[in-house]
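Inspection log for the structure reproduced underneath, given as C-alpha cells.
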Amino acid sequence: MKFNSLDTAHINYLKTIVPDDRLSTGESVLNLHAKDQSQHPAVRPEAVIWPQTAAEVAAVVKYANDNRIPIVGWGSGSSLEGNPIPIEGGIVLDFAQMNRILDIRPEAFQADVEPGVIYQDLNEKLRHTGLFFPPDPGARATLGGMIANNASGTRTVYYGSTKDYVLRLSVVLANGEIIEIGNQASKTSSGYDLIRLFVGSEGTLGIVAGATVRLVGLPVEFSAAVATFPSVEAASKVVFEIMRSGLNPAALELLGPECIALMNEEEDLKLTVSPTLIMEFHGTTTSQLAEVLEMAEEICKNEGCRVFEPGVGRSERDRIFKARHALGEIIIRKHPDCGILVMDVAVPITAYPELIAASREELGATDLTCYTISHAGNGNVHLNIAGQKNNREQWDLIHRISERLVYKTLDLGGTATGEHGVGLGKRKYMSAEHGASLEWMKRVKALFDPNGILNPGKVFP
C-alpha cells in the first residue's frame, strides 16, 4: 500500500474536527508515541490526536481513509510486540481523553466504558459493588488496548481472557462508519460472532470507541500457596498434574529462581530462591479451600517439592503478586545496559513440560541471562532474555534461540503468541501457524479496510 504524508492542508482540516489543544505535531509528543515497551525500533507518527467522542474518531478516520493516511489507535503504550508503533507514520489516536466509565449496572454484572479506561481504575470503581473485571495483564493497560490485543494475564487459567468479557462493541470502521456489535444479553446464537472477530484484531479492522464488558463477583474466600522445587522441569510436571486433578486454580504461575531472587530484592519477600509455583485458589468456604490445598500439597510433594507454604494471607499474597506483576520492569532496571526480548508462546497443557525442558536446554547451552516466567496453567511461557544493546552477535544468538523455540511450540500444537498479539514481532510465524487460513484473514482485512490505513504493517507477513 502507498500512503500519503500529512501536509499543512491536512493538519488544518483535522483542526476543524478537534481543537488545536487536542492535536499535536510537537517533537516530544511524537517521540512519546513512537514506541511501545517492545524492542522494535521507534517510528514517529506525523500527528497525535486526542479524541473525546466516537463522532470525532469517526470523522478523523474517514478523513484519513479518504486521503490514504495511515492511522493507529493508542492506549497506554504497554504492548510488547510493537502493536501500536506507527511504522508508516500518519496519525496516532490517543484515547487518554476518552476514559470515562459511562455506566455500571451491578444487577446485570455489566459496565459501559470508553476505550481509554484503565482496567485497574475500573476495578477500583467496582470495589464497593462486590464485582470486578477479571482480565489482568499487569501493566496499566487500557480497555481499548486489552480488547485490541485480547489481553489476559495471571488469572486467565480460571477466568479466561478479554474476549470472554466483551458483550458489546462500538467500532469505527475505516470509512468512518460507526457500527454497534453485540448486545447486553449474557448469551446469544444470533448471526456471526463479530465481537470475536474484532477482539484481538489489533486495530487492523476497526477502532474500538466503546464497549460493554461483563463483570463477575469477587471471590468469597481465597487462599494462596507457594511451592518450591529442585528444578524448573519438576515444577512444570506438577502444573500438568494440578490441572488434570480438577483443582481449578485461579492463578498458577511458574517462576525460575532468578525471578524469585529479584522479587525478594524488590519486596523483601524472603522466598526460597528456587524454581517456584505460586498458586491461588478461590472458593466459597475456608474448609473447601483447606481440602484443595491439601490435595495440591500432595501433588507437589509427589514431584519432589522441597517446601510447600499453604494459606498465604491476603497481605502477603498481595505483596507476592505485586512483585510478580512488576517483574518485567524489575528485570529492565536490573539490566540498564541491555535490551530484553520477551518471548510469549503457549502450548497445550500436555506439552507444557516438554516446552519448558526445550527452553532450558536451549538457554543452558549459552551464557545468556534468561528469566523464566510462566502463566503455567495455560501453558503460556514468557522467556525474558537480556542482551547487551550494541552486541550484534549476542542478539543474533537470542533471535535464533527465540525462533527455534517458536517453531518447537508450533510443532507441539501451540501458538507463536499467547497473549501479546502478533504486532511486528510475530508476523513471520503467521503462515506456519495458520496455513491457508491466513489468506482468508487477509480477505477479511481487505473487506473492512480496503485502503489498508488501519494499523498498517501489523499481523500479516
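Using the Cα centre as the reference, give the magnitude of the dipole from point charges on the C-beta atoms of the stretch 24-170 (Lys, Arg: +1; Asp, Glu: -1; all else neutral), rounded to the nearest 20 debye. Walk me through the numbers on the way to the answer.
Numbers: 12 positive and 16 negative charges, 39 e Å.
The dipole of the stretch 24-170 has a size of about 180 debye.
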Pick out, in residue order, every one of the GluC sites (Glu not before Pro) in the stretch 128-209 that is DSSP loop and has at most 15 other C-beta atoms within 10 Å; say none if there are none. E177
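Among 327-334, 265-272, how do they line up from the highest to the lowest mean number of other beta-carbon atoms within 10 Å?
By packing density, highest mean first, the sequence is 327-334, 265-272.
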Per its Cα gyration tensor (rounded if a/c is under 1.5, else prolate when a/b beats b/c, else oblate), the stretch 221-327 is best filed as oblate
With no other cysteine's Cβ closer than 4.7 Å, which Cys residues of the chain count as lacking a disulfide-compatible partner? C259, C338, C370
For the stretch 88-139, run through the trypsin sites (Lys or Arg not before Pro) and keep only the ones in DSSP coil with at most 11 other Cβ atoms within 10 Å of their Cβ. none
Taking the Cα centre of the stretch 45-139 as the origin and placing charges on Cβ (Lys, Arg +1; Asp, Glu -1), which of V92, P115, S76 is farthest toward the positive end of the dipole? P115
Calculated [θ] (222 nm, deg cm²/dmol) that DSSP helices of n ≥ 4 give over the chain, each run adding -39,500 (n - 2.57): -10500 deg cm²/dmol
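Let me know the charge dipole size of the chain about its Cα centre in debye, to the nearest 20, where only the beta-carbon of Lys, Arg (+1) and Asp, Glu (-1) is charged.
Values: 43 positive and 56 negative charges, 158 e Å.
It works out to roughly 760 debye.
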Give, rounded to the nearest 20 debye, the magnitude of the charge dipole that the stretch 101-250 has about its Cα centre when Lys and Arg contribute +1 at Cβ and Asp and Glu contribute -1 at Cβ. 280 debye
Any residue on another chain or 5+ positions along whose placed amide H is under 5 Å from the amide H of R214 is listed here as V166, L167
Set of lysines near K428 by C-alpha distance (under 18 Å), chain-local residues within fewer than 8 positions excluded: K408, K442, K445, K458
What is the ratio of the Cα radius of gyration of the chain to 2.2 N^0.38 Å, where N is its residue count, to two decimals? 0.99
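Counting only C-alpha contacts under 8 Å and six or more residues apart, can you give the relative contact order of the chain as a whole percent?
On the way: 968 pairs, mean separation 74.7, N = 461.
Reported as a whole number, the value is 16 percent.
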Relative contact order for the stretch 335-434 using alpha-carbon pairs under 8 Å, separation at least 6, rounded to a whole percent? 36 percent
Which whole-Hz ³J(HN,Hα) couplings does the stretch 121-131 yield from phi under the Karplus relation 6.51 cos²θ - 1.76 cosθ + 1.60, θ = phi - 60°, glycine and proline marked x? 5, 4, 5, 5, 5, 7, 3, 6, 8, x, 10
Going by C-beta contacts inside 10 Å, put I278, I17 in order with the fewest on the left. I17, I278
Could you work out the per residue convex hull volume over the alpha carbons of the stretch 99-217, in cubic angstrom? 100 Å³
Give the residue from P461, L32, I278 lying farthest towards the positive end of the charge dipole for the chain; charges sit on Cβ (+1 for Lys and Arg, -1 for Asp and Glu) and the dipole is referred to the Cα centre. P461
Reduced to Cα centres, the span from the stretch 222-290 to the stretch 362-426 in Å works out to 22 Å
Along the charge dipole of the stretch 325-400, Cβ charges K/R +1 and D/E -1, which of A365, H335, L397 sits furthest on the positive end? H335
For the stretch 445-456, 3J(HN,Hα) per residue [Karplus equation, 6.51 cos²θ - 1.76 cosθ + 1.60, θ = phi - 60°, Hz, x = Gly/Pro]: 4, 5, 5, 7, 9, x, 8, x, 7, 7, 6, x
For K334, give me every one of the lysines with a C-alpha distance below 28 angstrom, ignoring sequence neighbours fewer than eight places off in its own chain. K35, K270, K322, K389, K426
Distance between the C-alpha centers of the stretch 5-49 and the stretch 127-165? Whole Å please. 29 Å
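Write out the trypsin sites (Lys or Arg not before Pro) in the stretch 382-434 meeting two conditions: DSSP loop, and at most 15 other Cβ atoms within 10 Å of their Cβ.
Numbers: sites: K389, R392, R400, R404, K408, K426, R427, K428; in loops: K389, K426.
Filter output for the stretch 382-434: K389.
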Relative contact order of the stretch 8-96, please, whole-number percent, based on alpha carbon pairs below 8 angstrom and at least 6 residues apart. 35 percent
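Each value in this text was obtained by applying a stated rule to the coordinates, not by laboratory testing. These figures come from a predicted structure and were not determined experimentally. Note that each Cβ is placed from the backbone with ideal geometry, even for glycine, and that neighbours are counted across all protein chains shown.
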